[in-house]
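Engineer: Below is one structure. I have some questions about it.
What follows is calculated from the coordinates using simple rules that are stated; it is not laboratory data. What you see is a predicted model, and the numbers here were worked out from it, not measured in a lab. Neighbour counts run over all protein chains shown; Cβ positions are idealised from the backbone, glycine included.
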Amino acid sequence: MEVFKDFFDHPYNYQVEPFRMIGNTYYVGNQYVGCFLIDSGDGLILIDTAMPCFTYQLFESIRKVGYDPRDIKLILLSHAHYDHIGAARIVKEYTGAKMYIGREELPVLTEKKEYILTEGHEYADFDVDGFYQEEQPIRLGNVVIRTLFTPGHTEGTYSFIFEQTEDGKVYQCGLMGGIGVVTMLDEILEQRPLPLHLRQDYIHSLERLKTIPVDVVIPSHPDQIDLFSIKSQHGENPYIDTERWQKLLDKWIARMQDVIRTSKFTPEQPQ
């Protein structure tokens, strides 16, 4: 992907100032991929690490919002694509944090590394300390994160639901761990043959997430909700919007339905 090449050649062109989204949750990612820092009161939680070329920006962003990267205790990875886990080993070794990912991604991390989609860039293996279990939320300090198995974008994508407090009110935040459909297009499946049923799994995952009320969308990529333009709005916290989650999921369900409708593969036909 040409865009990956530009990231590595000119990472400084994708830098953004970090900012608080809601409560103790901060955006510390870049223009392309989201990374989120949560202060639990007993250490920091980092969701996704982005790619190695952005690590210096990630650490500096964490410092700019008033924290020390070495206080990261937990690293939660949404799925095993390079733009989300590329810097995982660097961040883990620097912080000593425990690393979690979906168990279903283990084959990708160990045997099918072509599915990490590094596009030829350097990738370092890392140790995983734990796997998500829906019946056992991730807990640190005053933060409880529900992890939901939402396959589709990858076979082991997980989404996160957690609460944050703003002006004395409690709001529910939601991050869909992998919302893009590009990995399930015909031409991509011919190159890297994932199971065709992931398309229906994807729709089921998003329909399931629609049943969960969410006040604040935490986007895995900022363009999913025009994150930065929303930031410029005045008045009360513009990220609090009880309709945005539903609209986002409906939009991507419709996109997947279009992919299925125009596909040369039938649901029963393996690619």
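Engineer: Take residues that are hydrophobic (A, V, I, L, M, F, W, C) and tell me which of the strands (runs of 3 or more DSSP E) falling wholly in segment 4-122 contain 3 or more.
Structural biologist: Strands (runs of 3 or more DSSP E) meeting the threshold: 19-22, 36-39, 44-47, 72-76.
Engineer: Sort out which residues of segment 164-191 are touching a helix residue (DSSP H, G or I) at 6+ places or on another chain (Cβ under 6 Å) and not aliphatic (A, V, I, L, M), and write them in order of number.
Structural biologist: Within segment 164-191, 174 is the sole residue that qualifies.
Engineer: Out of 98, 92, 73, which single residue is touching a strand residue (DSSP E or B) at 6+ places or on another chain (Cβ under 9 Å), surrounded by fewer than 20 Cβ atoms within 10 Å (Cβ to Cβ), within 14 Å of residue 126 (Cα to Cα) and among the charged types (D, E, K, R)?
Structural biologist: 98
Engineer: Output yes when any residue across segment 43-50 is free of Cβ contacts under 8 Å to residues at least 60 places away in the same chain and polar (S, T, N, Q), and no when none is.
Structural biologist: Yes, that holds for at least one residue.
Engineer: Can you pull out the residues in segment 201-214 that are over 17 Å from the mean Cα position of the chain (by Cα) and either under 17 Å from residue 250 (Cβ atoms) or loosely packed, with under 14 Cβ neighbours inside 10 Å (or both)?
Structural biologist: 203, 204, 207, 208, 210, 211, 212, 213, listed by residue number.
Engineer: Now for a different question. Count, please, the residues in segment 59-78 that happen to be more than 20 Å from residue 148 (Cα to Cα) and either basic (Lys, Arg) or in contact (Cβ under 8 Å) with a residue 24 or more places away in the chain (or both).
Structural biologist: Qualifying residue count, segment 59-78: 12.
Engineer: For segment 226-271, name all the residues that are without any contact (Cβ under 8 Å) to a residue 12 or more places away in the chain, assigned to a helix (DSSP H, G or I) and of a type in the set (Val, Ile, Thr).
Structural biologist: Matches in segment 226-271: 230, 262.
Engineer: Moving on to the next point. Could you tell me whether any residue of segment 185-198 is more than 29 Å from residue 112 (Cα to Cα) and of a type outside the set (S, T, N, Q)?
Structural biologist: Looking for residues that are more than 29 Å from residue 112 (Cα to Cα) and of a type outside the set (S, T, N, Q), one finds none in segment 185-198, hence no.
Engineer: Which members of segment 215-243 meet the condition of being buried (at least 21 other Cβ atoms within 10 Å of the Cβ) and closer than 22 Å to residue 181 by Cα?
Structural biologist: Hits for segment 215-243 are 217, 218, 219, 220, 227.
Engineer: Filter segment 149-163 down to the residues that are in a strand (DSSP E or B) and buried (at least 22 other Cβ atoms within 10 Å of the Cβ), then identify the one that is farthest from the chain's Cα centre (by Cα).
Structural biologist: So the residue we want is 162.
Engineer: Moving to a separate point now. Are any residues in segment 41-58 surrounded by 20 or more Cβ atoms within 10 Å (Cβ to Cβ) and either of a type in the set (A, V, I, L, M) or closer than 25 Å to residue 147 by Cα (or both), and if so, which ones?
Structural biologist: Within segment 41-58, 44, 45, 46, 47, 48, 49, 50, 51, 58 meet the criteria.
Engineer: To continue, here is another question. Kindly indicate whether residue 109 is at positive phi, surrounded by 18 or more Cβ atoms within 10 Å (Cβ to Cβ) and aliphatic (A, V, I, L, M).
Structural biologist: So residue 109 fails the test.
Engineer: Hey, does segment 165-174 have a residue that's assigned to a loop (DSSP other than H, G, I, E, B), closer than 22 Å to residue 50 by Cβ and in contact (Cβ under 8 Å) with a residue 12 or more places away in the chain?
Structural biologist: Here is the first cut: in segment 165-174, the ones assigned to a loop (DSSP other than H, G, I, E, B) are 167-168.
Restricting the remaining residues to those that are closer than 22 Å to residue 50 by Cβ gives none.
No, because not a single residue in segment 165-174 is assigned to a loop (DSSP other than H, G, I, E, B), closer than 22 Å to residue 50 by Cβ and in contact (Cβ under 8 Å) with a residue 12 or more places away in the chain.
Engineer: Hey, another quick one. Can you tell me which condition residue 167 does not meet? The list is (1) on the phi > 0 side of the Ramachandran plot; (2) surrounded by fewer than 19 Cβ atoms within 10 Å (Cβ to Cβ); (3) under 19 Å from the mean Cα position of the chain (by Cα), and all the others hold.
Structural biologist: Unmet for residue 167, out of (1) on the phi > 0 side of the Ramachandran plot; (2) surrounded by fewer than 19 Cβ atoms within 10 Å (Cβ to Cβ); (3) under 19 Å from the mean Cα position of the chain (by Cα): (3).
Engineer: Among the numbered conditions (1) within 25 Å of residue 46 (Cβ to Cβ); (2) over 22 Å from the mean Cα position of the chain (by Cα); (3) in a helix (DSSP H, G or I), tell me where residue 223 comes up short.
Structural biologist: The single condition residue 223 does not satisfy is (2).
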